[in-house]
Amino acid sequence: MHSFDVLVIGGGHAGVEAACAAARMGARTALVSFDLDAIGAMSCNPAIGGLGKGHLVREVDALDGVIGLAADAGAIHYRMLNRSKGSAVWGPRVQADRVRFKAAVQAMVRAQANLTLVQGEAAALVLKGGAVAGLELAEGTMLEAGRVVLCTGTFLGGVLFRGEERFVGGRIGENAAQRLARQLREAALPMARLKTGTPPRLDGRTIDWAVLEEQPSDDESWTMSPLTPRRRNPQIFCAITRTTQAGHDAIRANLHRSPLFSGAIAAAGPRYCPSIEDKIHRFGDRDGHQVFLEPEGLDTHLVYPNGISTSLPVDVQETVVRTMPGCARAVIVQPGYAVEYDHIDPRALTPDLQVRAIPGLYCAGQINGTTGYEEAAAQGLVAGLEAAAAALGKEAPQLDRANSYIAVMIDDLTLQGVSEPYRMLTARAEYRLRLRANNAATRLTGLGIAAGCVGEERRRWWERREEVRQMFHVKHSQKVHARELAERGLPVRRDHGEKPLSEWLRHDGVTLDALAPWLAEITALDPLLAEEMAEDAAYAPYLARQDAELRDLRASEALPLPAGFPYAEVPGLSNEMVERLTKAAPRTLAAAGRVPGVTPAALAALLVHARRRQAG
Amino acid sequence: MRPPPTIFALSSGAPPAGIGVVRVSGPRAGEALASLVGRLPEPRRAVLAKLRDASGALLDEALVLWFPGPHSATGEDLAELHCHGGRAVIAAVEAALALLPNTRRAEPGEFTRRAFANGRIDLAEAEALGDLLAAETELQRAAALANASGALSRQVEAWRERVLLLSAEVEGVLDFSDEEDAADLPECFTWNIGALAEELGEWLARPRSERLGEGFRVVLAGPPNAGKSTLFNALVESEAAITSPIAGTTRDVIERSVAIDGVPFTFVDTAGLRATAEADAIEAIGIARAATELARADVVLWLGPEGEGPEAAWEVAAQSDREGFIPKPAARFTLSATTGQGVAALKRALVETAREALPKPGEAALNARQHARLSEAVAALARAKALSDPLLVAEELRHARLAFDRLVGRATTEDMLDTLFGRFCIGK
Ligand SMILES: Cc1cc2nc3c(=O)[nH]c(=O)nc-3n(C[C@H](O)[C@H](O)[C@H](O)COP(=O)(O)OP(=O)(O)OC[C@H]3O[C@@H](n4cnc5c(N)ncnc54)[C@H](O)[C@@H]3O)c2cc1C
Ligand SMILES: Nc1nc2c(ncn2[C@@H]2O[C@H](COP(=O)(O)OP(=O)(O)OP(=O)(O)O)[C@@H](O)[C@H]2O)c(=O)[nH]1
Ligand SMILES: [Mg+2]
């Protein structure tokens, strides 16, 4: 019998982060997956980051996770989305070479101390007195551990659909973990079904790139992780094409053959990245939809046509592709398909991602109803940290809606549940101005160091950075007279008096570059940090206002709603509200306020009831 | 937890009135009703029934209603007895109720408090019900009623929805800008923010609900012996102020609140204004106070020589019955407080003016707290309108929504705690 502190099942993005995070915390950890060679595989689009998602990657990285470094290792195309908007909504995104990405993940996993890799199928949980005690593998081996993290992705009860065809499995060519799925269903965990899809892959040699508009990698020097000193791989360009009326006609004529429309798939799919048949159905008036042709790697001819995820029969997929400019002769190497799969209603989880009904069992990733590598990675990180902290009697970093997108996501999931695959958006973060992708290290690395999940290299980097940050603070407080700025041609009135540089940075037209005479020297020490500090200065009035709001929030966070709070006994709550609150089990009054459908009057009732109970 | 006591009270019309409604709320309300009626009637149906006390003596024949909780006005089991309003009948019914265990007469505001604590009403509605209890005039009652029935909460909800739609547009630009649909904000976006801000601004400009509590403030001013106190007494219909032919009789400010035609007024009599040199020390203080009052007044009735009063004062030519009365050519009112001639016309004019300046009956009005929250929302919208960075526009719109949430108590923050634990003393 092998014994561990934490067992992680599944070698996807969630599992990798969970296993490495638990091991970094010092827990004896094992990662169990079907196929160790598939660890770090990207099931779909070989891109990491994007709007909202880039924030998650940077945050996972700030806590010394894997995904940011692996993304840099594989990156063959960098692009800062939303560059024209305010920096709080910039979305760093890379396209990664699948092979290099996967190799980097595997190298990090193998190099991780305290981590054992176990190949096999997790067949069943071993429970003792209702709590987790270990795991049974399909071939009979027993693994002992008080903490098990389930990161099995779409592999629970997954069914693939392509036109009239059906396959059982999570990804083409892999087994679905049917036995484990049955056990969870028997444990009466609230489960539901969702669907997602993937587009066909094209042979890049059959695309006429010359007629298409190119989208090059940007020519800046940022990377996903600050520990990646510079971009490594040759950078390639993507191309932009679009679907056409002829393709749309073919889709319309064959809608009945799509499992989405024939009724075969009833589960909800992501509104934010719908299938092409969905798009045509919903926006019938559009004569074309943009499609990005993204090469999948440096050593492969595969091209990922981003924008035409589909489960239509292969012949229709062919027509859709061939009617796109530049693709008249394009060959489909692997057709697109849709997956319908089981997920757990995440309201069954506590904020540490533990299943309320089965102590010791944690869930992370797509199994919780999210979609995307970054969402999976971020949850894996949290589950791994929490499971290890619980096993070792330590404290995981305190994440909340005001310090991370990670906590925003987990709070949303555990309080509101999901009705479609959950994808990160910047709009979900109310304290967006303070949660920028470029200040993740400032926000989180210190917390990670304190919790013990940050390795030596990053700790040294961060401590040095903190020193420079202090120097910036000193420099920013230097007072400069308006006259001096005006004399250098800056748009300020000469009679504006003397102000610290941090305040001048708030003025329209006074940029970091414009203040170079005062700041150039220190900016050279760390240009990215200089930008971050300048943004902080510019946003300062908004941040101060949010501070006041946060103080209020903390006041209602101070009123706990203990586990098992008898909502049904609170008079005046409708049955529906009782049900939602019971499912979401908010821990504080503030959290109850975020459960959907809870009215102000109901909150008042809760408040009174909770106070009375508190008073005894 | 001990079950809360069951409470009862006469909740309408002090006896003797046509009908007196006795309400009973709490866990024993059903028992109470059954003991009086002999059975529990069908829920939410008015039923005519004979009320008897424990000894079986007939108390009254009344219309009774049974609302099992939580779908009742208080959220608890609730019974209503519409009795014939005689003093003796009501007293007998109340006495019978008081005999039940853990059942007592309600304290003022206790029904409201329970409704709030049980989630039947939100913060704005609870505040309004508090106002309703305190309402002394018809106008105050009507305004409180409008808020209590949720008019303000509904209005705030509608504004919140509109801001939410605006937010969604900005968020589309921020989060989906790489998709072709949501590239830029539509042209009407700023216009829509402006229109909403303007609409909220109109609400802010409306008279505040405290105005009803304070009443419309009318200050009488003029030189000594002008007849101020005499007119004051005539207006408040009591001998509140001492009058005498001695100049400088009134030395301090005297205030009386009365309702005229259901409109709340506060009349203020002041010391006659004359050069402080002629006045003694006490009178001088009185004169200084009079000056302060003039500044606070909604209307000043000026009884002195024409044109010498404060700006916008109403020129009143008083003591018109006296021999040697010198008319004021531009007087708005010529009257005699002694004979009463001309006083009614003055009252009519005051009522008309006050109605304009106070919240309209039936129209929801804001109190100071609500006004402050709404001002925050307006300020945030105004800033949003002036900004071009969608990120900051979004932040301001979020701030406006937060202000709405606080207004109705959704934000569960200090506002709500203060209101709850201050005004309603819950949780003791
Ligand atoms: C068809 C498809 C298209 C997608 N398109 C996109 C996209 O375009 N962009 C995007 O960001 N995301 C996309 N996603 C979502 C993204 O792939 C997932 O959200 C993300 O990979 C989930 O990560 P995970 O770690 O939760 O699960 P996965 O990455 O699915 O990993 C699960 C792991 O668990 C292992 N496993 C499962 N059961 C067992 C068991 N019983 N025993 C041992 N091992 C087990 C599997 O072998 C696998 O390694 C798509 C997903 C699919 C299926
Ligand atoms: N006939 C007649 N006498 C009046 C009338 N109004 C006031 N008087 C008399 O005039 C005298 C002064 O009236 P007050 O009301 O005390 O005057 P005042 O303006 O309050 O005077 P101070 O308080 O001293 O400033 C009293 O003797 C009143 O009885 C009136 O309308 N008709
Ligand atoms: Mg007087």
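For segment A:579-609, state which residues have at least 30 Å² less accessible area in the presence of all protein chains than in their chain by itself, taking the probe as 1.4 Å and leaving out ligands, DNA and RNA.
Those are A:Pro600, A:Ala601, A:Leu603, A:Ala604, A:Leu607, A:Val608, which lose 30 Å² or more relative to the chain on its own.
Just tell me how shielded A:45-51 is by partners: mean number of partner chain Cβ atoms within 10 Å of each residue's Cβ, no decimals.
Other-chain Cβ atoms within 10 Å of each residue's Cβ, averaged: 1.
Take the solvent-accessible surface of the protein heavy atoms, probe 1.4 Å, and return the percent of it on the protein assembly as shown that carbon and sulfur atoms account for.
Numbers: 22020 of 42230 Å².
Carbon and sulfur atoms account for 52 percent of the accessible area of the protein assembly as shown.
Calculate for the protein assembly as shown the 222 nm mean residue ellipticity that helices alone would give, adding -39,500 (n - 2.57) per DSSP H run of length 4 or more and normalising by residue count, nearest 500 deg cm²/dmol.
Details: 34 runs with 405 residues, N = 1044.
That calculation yields -12000 deg cm²/dmol at 222 nm.
How high is the FRET efficiency between A:His256 and A:Glu456 when r is their beta carbon distance and R₀ equals 45 Å, given to the nearest 0.05? List each step's numbers first, then the result.
On the way: r = 60 Å, r/R0 = 1.33.
Taking R0 as 45 Å, the efficiency between A:His256 and A:Glu456 is 0.15.
Can you list residues whose amide H is under 5 Å from B:Asp60's amide H, if they're 5+ apart or on another chain and H is modeled 1.01 Å from N?
B:Leu51
If all Cα-Cα distances of the protein assembly as shown are sorted into 10 Å bins from 0 onward, what percent lands in each bin, rounded to whole numbers?
2, 9, 14, 17, 17, 14, 10, 8, 5, 3, 1, 0, 0
Please average, across the residues of A:82-92, the number of beta carbons from any other chain that are within 10 Å of each residue's own beta carbon, and give a whole number.
Details: counts 7, 0, 1, 6, 8, 1, 6, 8, 0, 4, 0.
Rounded to a whole number, the mean comes out at 4.
Check A:Gly417: other-chain or 5+ apart residues with amide H under 5 Å from its amide H, H built from backbone geometry?
Here A:Arg347 satisfy the definition.
Distance in nm between label sites at A:Val578 and B:Ala98, each 7 Å beyond Cα in the beta-carbon direction?
Roughly 3.6 nm, to one decimal.
May I ask you to give the solvent-accessible area per residue for the protein assembly as shown, in square angstrom, as obtained with a 1.4 angstrom probe?
Details: 42230 Å² over 1044 residues.
Heavy-atom SASA per residue in the protein assembly as shown reads 40 Å².
What are the equivalent ellipsoid semi-axes of segment A:125-259, built from the alpha-carbon gyration tensor (square roots of five times its eigenvalues), in whole angstrom, biggest first?
Values: eigenvalues 339, 152, 33 Å².
Three semi-axes, in Å: 41, 28, 13.
Give the average, rounded to an integer, of partner chain Cβ atoms located within 10 angstrom of each Cβ in B:392-401.
On the way: counts 6, 1, 7, 10, 1, 0, 7, 4, 0, 1.
Rounded to a whole number, the mean comes out at 4.
Quote the total accessible area buried by chains B and A together, excluding ligands, DNA and RNA, probe 1.4 Å, nearest 100 Å².
Values: alone 21230 and 24890 Å², together 42230 Å².
Interface between B and A: roughly 3900 Å².
Please list, in chain and number order, the residues 5+ apart from B:Ile260 or on another chain whose amide H is under 5 Å from its amide H, with Hs placed from the backbone.
B:Phe265
So, by mean Cβ neighbours within 10 angstrom, what's the order for B:317-323, B:402-408, B:333-339 with the highest one leading? Intermediate results must be reported in sequence, preceding the final value.
Numbers: B:317-323: 16.9, B:402-408: 24.6, B:333-339: 19.3.
So the peptides B:317-323, B:402-408, B:333-339, ranked by packing, come out B:402-408, B:333-339, B:317-323.
Can you compute the FRET efficiency between A:Asp352 and A:Ala486 using 1/(1 + (r/R0)^6), with r the Cβ-Cβ distance and R0 = 51 Å? Round to the nearest 0.05. All intermediate terms of the calculation are to be shown ahead of the outcome.
Working: r = 55 Å, r/R0 = 1.08.
Using R0 = 51 Å, I get an efficiency of 0.40.
Once Rh for chain A is found with the Kirkwood sum over Cα pairs, what is the Stokes-Einstein diffusion coefficient at 25 °C and 0.890 mPa s, in µm²/s? List each step's numbers first, then the result.
Details: Rh = 25.8 Å.
After rounding, the answer is 95 µm²/s.
Using C-alpha positions alone, give me the convex hull volume of segment A:201-340 per residue in cubic angstrom. If you can, show how the numbers build up before the last one.
On the way: hull volume 19.4 nm³, N = 140.
With only Cα atoms used, segment A:201-340 gives 139 Å³ per residue.
Work out which residues of segment A:279-293 lose at minimum 20 square angstrom of accessible surface when the other protein chains are put back, relative to the chain isolated, with a 1.4 angstrom probe, and list them by number.
So the qualifying set is A:Arg286, A:Gln290.
Mind checking which aspartates and glutamates have their Cα closer than 15 Å to the Cα of A:Lys279? Skip sequence neighbours fewer than 8 apart in that chain.
A:Asp249, A:Asp287, B:Glu179, B:Glu180, B:Asp181
The values are calculated or read from the model by the stated rules, or taken from the named source; none is laboratory data. Bear in mind that the values here come from a model prediction, so they are computed numbers and not experimental data. With ideal geometry, Cβ positions are generated from the backbone for all residues, glycine too; neighbour counts draw on all protein chains shown. Just the protein is used for accessible areas: all its heavy atoms, side chains included, with ligands, DNA and RNA removed. Shrake-Rupley method; radii C 1.70, N 1.55, O 1.52, S 1.80 Å.
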